[in-house]
Amino acid sequence: MKYDFKAIEKKWQQKWEDEHTFSAKQDFSLPKFYALVEFPYPSGQGLHVGHPRSYTALDIVARKKRLDGYNVLYPMGWDAFGLPTENFAMKNHIHPEIVTKNNVARFKSQLKSLGLSFDWDREINTTDPSYYKWTQWIFLQLYKKGLAYKKEMNVNWCTGCKVVLANEEVVNGTCERCHSPVVHKVKSQWMLRITAYADRLIDDLDTVNFIDRVTTQQKNWIGRSHGAEVTFGTTEGDEMIVYTTRPDTLFGVTYMVIAPEHKFVDKWADKISNIDEVRAYRDAAAHKSDFERTELAKEKTGVRLDGVMAINPVNGKQIPIFVSDYVLASYGTGAIMAVPGHDQRDYDFAKVFGLPIIEVVAGGDITKEAFTDCATGVMVNSGFLTGMSVDDAKVAITEWLEKEGKGVKKTNFKLRDWVFSRQRYWGEPIPMVYCEKCGWQPIPESELPLKLPEISDYEPGPEGESPLARHTDWVNTTCPCCGGPAKRETDTMPQWAGSSWYFLRYCDPHNDEALASPEALKYWMPVDWYNGGMEHTTLHLLYSRFWHKFLYDIGVVPTAEPYAKRTSHGMILGENGEKMSKSRGNVVNPDDIVDQYGADTMRLYEMFIGDFEKAAPWSSSSIKGCKRFLERVFDLSEKLIDGDGYRPQLETSFHKAIKKVSEDILQLKMNTAIATLMSLLNEIDDAKGITRGEYRTFLVLLNPFAPHITEELWEMAGFEGQIAQTSWPTYDESKCKDAQIEMVVQISGKLRGRFVADANIDKEAAIAAAKAVEGIAAQIEGKTIVKEIYVPGKLVNLVVR
RNA sequence: GCCGCUAUGGUGGAAUUGGCAGACACAAGGGACUUAAAAUCCCUCGGAAGAAAUUCCGUACCGGUUCGACCCCGGUUAGCGGCACCA
């Protein structure tokens with residue numbers, strides 16, 4: 001009989017849909033397992049072959065966990081707000097809602113064609129008002145706790161999308177989406193105080209099981225550093241506060257630098273004799289885009305503030321002050337103490353301006369470069385610190401500063417607050433109104449959801465205002481506080497809003513009293529296993545951890561962390577080893593693969609392609625091997641012989657295979673799990689025929705990988721019910737070992753022979769057997785055996801001299 | 001520049017974490033079946049020498065530790081990812 005994958009896959013997909021086979025059960029007394037993959041943005045291009053790599057891997061985990069008896073939640077939904085949809089809508093004059101609906105329909109049918117065991121009863125969509133009601137609700141809670149605030153600030157402005165970007169969305173000074181240059185603009189924006197959670201976002205990483213590269217990347221992004229704030233005096237009497245991680249080098253300070261935007265430039269304008277030059281420098285720096293700033297980075301520039309001096313608190317010395325754009329206004333205090341002997345940037349600057357360089361930590365050669373090593377240096381030329389190690393000096397000087405009232409211990413972060421406003425239509429409206437009398441006011445929770453108005457012109461205004469601003473009948477409202485006239489906020493939330501809590505909604509997706517019931521959250525949370533792309537490590541993953549911690553603090557969710565475990569898949573590259581893209585012409589369409597080879601082959605191939613965590617190039621010939629394997633599996637249906645158990649010659653292989661496949665699935669080593677099943681099939685073929693007992697085990701083991709064909713063969717063989725309702729096979733550890741093993745004989749570490757022995761042979765017997773192996777005796781003849789090494793189950797090594 | 005990761009046949013990749021390098025596949029070559037092709041089945045397949053048994057070399061490069069190193073240590077090179085004047 002021929003393997004008709006099209007008919008088989010259609011049949012089983014229909015059955016799963018009709019019978020809701022994979023819906024999570026409402027019984028909260030069962031052991032639970034919550035598997036999660038990142039819900040996609042339903043783009044116009046349809047599914048990419050990269051999507052199924054992640055979805056199939058956790059589908060395999062979910063299917064196996066079900067057979068292990070867990071109540072599994074494996075949900076799917078749509079992260080559907082966002083710019084590409086809006087741009088498409090503008091170009092083609094179709095409402096974004098319609099565009100979204102069409103794209104979702106396409107994605108959904110594509111996902112279904114892959115036989116993924118999602119719980120479609122819990123499908124969610126971030127653009128659904130019944131969903132974004134709760135996104136808005138969370139925003140209001142953040143506002144009430146002072147974690148959402150409006151601020152005039154210098155923001156990243158994408159010249160292409162005409163929209164403000166979060167720091168996380170700026171890549172090399174360009175927009176991560178459209179790659180247009182990003183410039184700075186002062187705008188009034190809603191901000192979320194993620195920095196209030198910076199410490200916990202780092203510290204709590206120790207309580208979860210994330211792969212290392214995710215943990216380190218999040219730590220680097222948050223960028224925590226420990227140091228001190230030191231107060232310098234000035235000849236103007238103003239105090240100048242700087243942040244440093246090296247207070248131990250205070251005696252080596254020879255000048256100071258402030259950011260061009262620092263407030264003292266204007267405050268001291270009268271006293272600075274070259275103020276015109278200083279202002280010209282500041283204006284030039286302001287006009288540079290981020291891109292230009294990074295491009296031109298290397299050569300240090302700056303202007304000295306003539307007529308003003310700073311005073312070093314440790315020795316009272318007067319030192320000059322400069323402005324330079326290598327000091328950032330947005331980090332620390334926007335001012336630094338410069339220690340050219342022990343900081344390479346200060347060193348470079350000092351060389352350009354001919355400033356003195358003092359050595360205060362011995363161990364390097366400061367005539368060549370700054371000496372920045374903290375571990376080995378010893379303090380010199382540093383008053384009471386002289387002779388101490390760097391670490392001791394840090395402690396000593398910080399204590400001194402605090403005692404003298406000239407400084408405090410301080411921790412700083414690179415992380416900035418999250419810019420939360422977008423000047424666009426297709427996003428959640430921010431539920432705030434502005435009243436001339438009362439200022440910004442939240443709308444009452446009873447008015448949620450605040451729906452987007454129906455409009456037809458989505459173009460941003462000339463100054464980058466939101467398209468909503470033109471719709472005065474929506475904008476004009478009354479103040480919830482005083483009842484007077486007020487205006488709605490016309491900016492919308494960024495795409496990251498809806499995805500920051502979606503995993504909570506899956507727990508109880510139809511609840512209209514709360515974002516999810518406490519019982520459902522208590523049962524399902526945390527997510528047991530979350531797989532997704534590395535590109536979301538500093539965006540979605542960080543944002544959603546922040547929101548979750550906030551919701552934990554206000555008692556809405558029961559856990560401090562949303563995800564117990566996080567893994568990440570590698571990219572699938574084009575056949576030429578490059579990233580798949582339309583312009584490179586190397587895009588593989590999953591629909592074509594499913595059509596040509598079937599979903600089971602596609603799933604199997606994407607899992608067999610290589611190490612799950614690494615990038616792997618697509619190969620249109622390798623996929624044939626997977627198809628061939630499934631065809632051979634299908635042929636087993638005609639080779640059935642009587643017998644419920646494993647035949648003796650296959651028993652060990654079956655027990656080993658069950659063990660290996662079980663373990664590999666939980667380590668995402670799908671490639672070796674599949675290789676094990678391929679080897680097992682080779683052995684079965686050698687053994688001529690397959691017993692019903694063997695067949696049964698084989699089909700269940702293969703089922704998570706290739707669910708359609710295995711269910712069909714199961715039914716054809718007349719086994720009871722469906723595999724989806726049976727249980728995972730068990731193995732006996734004692735039967736995983738062969739009775740007879742081949743052992744290796746080495747002489748001085750070189751392979752010289754082999755012998756077959758009983759698996760539990762003891763050391764003496766093994767060594768004796770090794771010496772008896774043909775040819776070994778001749779090689780040890782006349783030499784002294786200085787050492788005999790026996791590795792059970794592996795080898796005997798005779799070290800001779 | 002800093003942080004992290006990677007390097008194994010013609011290709012994708014295995015190797016129980018210090019114990020037989022190359023599992024499982026793909027490609028290639030040879031053969032069987034066929035009028036022929038496709039499909040399928042069988043054989044070969046890291047390099048060198050040899051008729052063969054077998055021997056030597058071989059996991060980016062140089063060195064070290066060890067009875068024994070793809071694996072551990074020191075150094076170098078190349079590639080990928082992240083950050084990038086964060087004081």
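A few points about this structure:
- Residue among A:Ala759, A:Ala739, A:Ala777, A:Ala687 that alone is of a type in the set (A, V, I, L, M, F, W, C) and out of contact with any helix residue (DSSP H, G or I) (no Cβ under 9 Å at 6 or more places or on another chain): A:Ala759
- Of all residues in segment A:201-225 being away from RNA strand B (no atom under 13 Å from the Cβ) and either of a type in the set (Asp, Glu) or buried (at least 16 other Cβ atoms within 10 Å of the Cβ) (or both), the one that is nearest to A:Tyr143 (Cα to Cα): A:Leu201
- Top-ranked residue of segment A:654-686 - restricted to ones that are open to solvent by 20 Å² or more (accessible area, probe 1.4 Å) and hydrophobic (A, V, I, L, M, F, W, C), ranked as nearest to A:Lys565 (Cα to Cα): A:Leu666
- Matching residues, segment A:337-384, being among the acidic types (Asp, Glu) and closer than 21 Å to A:Asn312 by Cα: A:Asp343, A:Asp346, A:Glu359
- Scanning segment A:507-532 for residues that are under 10 Å from A:Arg566 (Cα atoms) and of a type in the set (Gly, Ala, Ser) turns up just one, A:Gly532.
- Which listed residue, of A:Gly341, A:Gly364, A:Gly377, is over 30 Å from A:Gly160 (Cα atoms), open to solvent by 10 Å² or more (accessible area, probe 1.4 Å) and among the small types (Gly, Ala, Ser): A:Gly364
- From the options A:Asp732, A:Asp758, residue that is more than 16 Å from RNA strand B (Cβ to nearest atom) and among the charged types (D, E, K, R): A:Asp732
- Options A:Gly69, A:Gly115; residue that is open to solvent by 30 Å² or more (accessible area, probe 1.4 Å), part of a loop (DSSP other than H, G, I, E, B) and modelled with pLDDT of 95 or more: A:Gly69
To keep it simple, each residue is scored yes or no on (1) within 12 Å of RNA strand B (Cβ to nearest atom); (2) surrounded by fewer than 17 Cβ atoms within 10 Å (Cβ to Cβ).
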| position | (1), (2) |
| --- | --- |
| A:Arg246 | yes, no |
| A:Leu250 | yes, no |
| A:Met256 | yes, no |
| A:Glu261 | yes, no |
| A:Phe264 | no, no |
| A:Lys267 | no, yes |
| A:Lys271 | no, yes |
| A:Ala280 | no, yes |
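- Cβ-Cβ under 9 Å pairs, at least 6 apart or on other chains, segment A:30-46 side among the polar types (S, T, N, Q), far side at pLDDT below 95 and crowded, with 22+ Cβ neighbours inside 10 Å: A:Ser43/A:Gly82; A:Ser43/A:Thr85
- Every residue from segment A:628-686 that is touching an Asp or Glu at 6+ places or on another chain (Cβ under 7 Å), more than 13 Å from RNA strand B (Cβ to nearest atom), assigned to a helix (DSSP H, G or I) and not aliphatic (A, V, I, L, M): A:Thr652, A:Phe654, A:His655
- Scoring A:Pro494 on the criteria (1) touching a residue at least 12 places away in the same chain (Cβ under 8 Å); (2) open to solvent by 20 Å² or more (accessible area, probe 1.4 Å); (3) in a loop (DSSP other than H, G, I, E, B) leaves a single failure, condition (2).
- Filtered by the rule that a residue be modelled with pLDDT of 90 or more, assigned to a loop (DSSP other than H, G, I, E, B) and either touching a Phe, Trp or Tyr at 6+ places or on another chain (Cβ under 9 Å) or charged (D, E, K, R) (or both), segment A:562-617 gives A:Pro562, A:Ala564, A:His569, A:Gly570, A:Val588, A:Gly598, A:Ile609, A:Asp611, A:Glu613, A:Lys614.
- Count of segment A:346-386 residues, restricted to those that are free of Cβ contacts under 8 Å to residues at least 24 places away in the same chain and β-branched (Val, Ile, Thr), is 5.
- Applying the criterion of being assigned to a strand (DSSP E or B) and among the hydroxyl-bearing types (Ser, Thr, Tyr) to the residues of segment A:229-244, the residue that is farthest from RNA strand B (Cβ to nearest atom) is A:Thr234.
- If you go through segment A:776-786 and keep only what is closer than 23 Å to A:Asp758 by Cα and touching a strand residue (DSSP E or B) at 6+ places or on another chain (Cβ under 6 Å), you end up with just A:Ile776.
- With respect to the conditions (1) within 12 Å of RNA strand B (Cβ to nearest atom); (2) surrounded by fewer than 16 Cβ atoms within 10 Å (Cβ to Cβ), A:Gln779 falls short on a single one, namely (2).
- With respect to being surrounded by fewer than 22 Cβ atoms within 10 Å (Cβ to Cβ), acidic (Asp, Glu) and within 21 Å of A:Arg566 (Cβ to Cβ), A:Glu19 falls outside the description.
- Among the residues of segment A:164-174, those that are assigned to a strand (DSSP E or B), buried (at least 16 other Cβ atoms within 10 Å of the Cβ) and within 13 Å of RNA strand B (Cβ to nearest atom) comprise A:Leu165, A:Val170, A:Thr174.
- Residue that is nearest to A:Asn154 (Cα to Cα) [pool: residues in segment A:184-200 that are within 16 Å of RNA strand B (Cβ to nearest atom) and open to solvent by 10 Å² or more (accessible area, probe 1.4 Å)]: A:His184
- Considering A:Ala286, A:Ala329, the condition of being assigned to a helix (DSSP H, G or I), in contact with a strand residue (DSSP E or B) (Cβ under 9 Å, 6 or more places away or on another chain) and among the small types (Gly, Ala, Ser) is satisfied by A:Ala286 alone.
- Some residue of segment A:649-658 being modelled with pLDDT of 95 or more and among the polar types (S, T, N, Q): no
- Of everything in segment A:735-755 that is open to solvent by 70 Å² or more (accessible area, probe 1.4 Å) and more than 45 Å from the chain's Cα centre (by Cα), the residue that is farthest from RNA strand B (Cβ to nearest atom) is A:Ala739.
- Verdict on A:Ser466 being in contact with a Lys or Arg (Cβ under 7 Å, 6 or more places away or on another chain), among the small types (Gly, Ala, Ser) and open to solvent by less than 40 Å² (accessible area, probe 1.4 Å): yes
- A count restricted to segment A:132-159 and to residues that are surrounded by fewer than 22 Cβ atoms within 10 Å (Cβ to Cβ) and under 30 Å from A:Arg53 (Cβ atoms) stands at 0.
The values are calculated or read from the model by the stated rules, or taken from the named source; none is laboratory data. Owing to the predicted nature of the structure, the values given are computational and were not obtained by experimental measurement. Glycine gets a Cβ as well: all are built from the backbone with ideal geometry, and neighbour counts include every protein chain shown. With ligands, DNA and RNA removed, areas are computed over all heavy atoms of the protein, side chains included. Shrake-Rupley method; radii C 1.70, N 1.55, O 1.52, S 1.80 Å.
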